[in-house]
Amino acid sequence: MPKCHDLKKDEIYGCGHCKLELQVLRECECSDSTQDCACYNEPNSCSFICCGNEMKKIS
């Protein structure tokens, strides 16, 4: 799954197993630098796991 600052408004991510879907309603306010975004410095701070797998972009 992309980092939080890569997620764009209205994109949808889904689980291939249970079919759960999540839509991005608001974009992250972090920049893509290591100093401003915690997803570079903290492991698993921006991952979405469902049914044991990362959710994938579906639209």
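The values are calculated or read from the model by the stated rules, or taken from the named source; none is laboratory data. The shown structure was predicted, so the numbers you read here are calculated from the model rather than taken from an experiment. Every residue, glycine among them, receives a Cβ derived from its backbone with ideal geometry; neighbour counts consider all protein chains shown. Just so you know, the surface numbers come from the protein's heavy atoms only, side chains and all, with ligands and any DNA or RNA stripped out. Shrake-Rupley method; radii C 1.70, N 1.55, O 1.52, S 1.80 Å.
Kindly provide the set of residues from the range 18-30 that are open to solvent by 70 Å² or more (accessible area, probe 1.4 Å), under 17 Å from residue 4 (Cα atoms) and part of a loop (DSSP other than H, G, I, E, B), ordered by number. Within the range 18-30, 25, 26, 27, 29 meet the criteria. Specify the residue that is farthest from the chain's Cα centre (by Cα); the eligible residues are those in the range 1-17 that are surrounded by 15 or more Cβ atoms within 10 Å (Cβ to Cβ), in a loop (DSSP other than H, G, I, E, B) and modelled with pLDDT of 80 or more. Applying the filter and picking the extreme gives 15. Out of curiosity, is residue 37 modelled with pLDDT of 75 or more and surrounded by 12 or more Cβ atoms within 10 Å (Cβ to Cβ)? Taking the combined requirement at face value, the residue does not satisfy it.
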